[in-house]
Structure formats: structure tokens, C-alpha cells
């Protein structure tokens, strides 16, 4: 069994100005070289967890607890120390790929830049290798690679970011809603690219509300509601034999399962427990 690469214990995230806790005592572990998926409805706290572990939380938010990674508690690191991990130890694929790319630089040079500065390759060799990575992801290095980001579609920009993820030495990749806004064909293509990252030895944390993405990636998953994790386990086990009534409702509400509404009594019991900040009641809601 692979060693644990990331271990999160009792992570809570709060809004300083609103004096409100948004993520509550979250704990889970991710093993090296394996995919892990956080699923849940929009606003349940998935992206906040990604921001906490990558050092991208806004100044109005504070995190407590422990995020153990590479022998360090990321919660205790200052921003300067966190920046040293970017690219070298971890990499974030954001929800909006266009915002992560330099609008004034051709995309092939952005991939090559990573190879030059993080892997020490000579600029000429880096450009050649960047073209190879772009081609492996289904784009033309001589045509698409020479475009500026605004000339590319959302799916193409995403592939460029995935090329960067393959180029960097970082072994831990966080993908935040990687299939958001994509049609079925592009969604399947994006999932295959994420699987390719894992096959090449990367460790993946995927954040999504798309249950089919979680199933296709496999590994382990955690289901979130209102800032709490309510169920965890192997993807196949949780999605085929869910224990928590909210997870069962979430699965039945998926488009591929008929979009059956989550029963009112389940939602009402969950909301009551959440309002009372009773984590044990939330975990046992029925």
C-alpha cells in the first residue's frame, strides 16, 4: 500500500469578518500516486479546502487544524514558505483555466518556461519538450501552441494547464472542478487527461460535483455537506452502496440517475443538525 502523502486533521476554515465557520473539523488522507475526489453541492466547502492546502485562501479567511504535507503543517506556514512549494511540490488546476495563463505569452512558451525554471532545461530543449507534451494532449504544437490564450477554447486552455502539470516536478496536483462547463465529449476527454496524470505517478485531489467524474477516477472519495465530510471510502463502494441518506439522495439526484430530488426529510434533518453545529448528528442523519 502506498504511503500517505497528505494527511488533513480537524481542518476548519472561518470567515474573520463574518465570524462564521465555513469548513468544520474535516479530516482525510490521500495516498501517494492515487486519486482522491471531494464531491458535494456548490458551496459546501470543497474549494476552500483546496485553497487552504495550496495557500490560496483570501486574507478574510483563516484556517486551523493540521494539513500535514512533506513533513510540514501547511496551516502554520507563512505565505512566503507556501510559495516555495508551488510547482515544485504541488500544483493547482483552477476552475477557470484562462485566469491561470499569461495573456501576453504564447502558450507553448508558458509550458517551456516551467521546464526551464523548475527542471533546469536549456530554453531550446524546453521548447521542444513543451511541444511534445502539447502534442501528447491532442493539440498541435506548431499551430495551437503558438497561440495566445485568448485564441484557445476553454477545453484547449485546460489541456495547456495539464501540459504544465505534467511538466512540473510537483507530484501533488489539485484539480478544482476540472470538467465545469464542458460538454459530454470534452468532459470524458478531461477525465482521461486526469487519469493520465495519475498513470504518470502524480497524486490527484479532484474537486467536483459531478459523480460520474468521481466514479471514472476511482480511488477514494469524500462526500461533503455544509462544510462537513459526511461519508468517505473507496469510490466504487460509496457510489454503489452509500451509507449516509444524503449521499444516497445526491446519487439519485444526478442527471444520469433521473435527477430525483433529495427527500425533504433528509434535507431538513441535515439543516437542523447543521444549524445546531452537531457533527455527530449530521453524520447520523436519517
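The values are calculated or read from the model by the stated rules, or taken from the named source; none is laboratory data. For clarity, every value in this text was computed on a predicted model and none was experimentally measured. Here the Cβ positions follow ideal geometry from the backbone for every residue, glycine too, while neighbour counts run over all protein chains shown.
Assorted remarks:
- Some residue of the stretch 22-40 being without any contact (Cβ under 8 Å) to a residue 40 or more places away in the chain and under 17 Å from the mean Cα position of the chain (by Cα): yes
- For residue 91: the one exception among (1) assigned to a helix (DSSP H, G or I); (2) closer than 29 Å to residue 208 by Cα: (1)
- Residues of the stretch 244-257 include none that is part of a strand (DSSP E or B) and in contact (Cβ under 8 Å) with a residue 60 or more places away in the chain.
- Candidate set from the stretch 51-89 (those that are closer than 22 Å to residue 204 by Cβ, without any contact (Cβ under 8 Å) to a residue 24 or more places away in the chain and within 18 Å of the chain's Cα centre (by Cα)); member that is surrounded by the most Cβ atoms within 10 Å (Cβ to Cβ): 74
- Remark: pairs (first residue in the stretch 110-126, surrounded by fewer than 18 Cβ atoms within 10 Å (Cβ to Cβ); second residue not in a helix (DSSP H, G or I); Cβ separation under 7 Å; 6+ apart in sequence or on different chains) = 118/87; 118/88; 118/168; 118/169; 119/169.
- Filtering 170, 165 for residues that are over 16 Å from residue 95 (Cα atoms), in contact with a strand residue (DSSP E or B) (Cβ under 9 Å, 6 or more places away or on another chain) and either at pLDDT below 95 or assigned to a helix (DSSP H, G or I) (or both) leaves a single hit, 170.
- Just one of the listed residues (158, 195) is in contact with a helix residue (DSSP H, G or I) (Cβ under 9 Å, 6 or more places away or on another chain), over 18 Å from residue 98 (Cβ atoms) and part of a helix (DSSP H, G or I), and it is 195.
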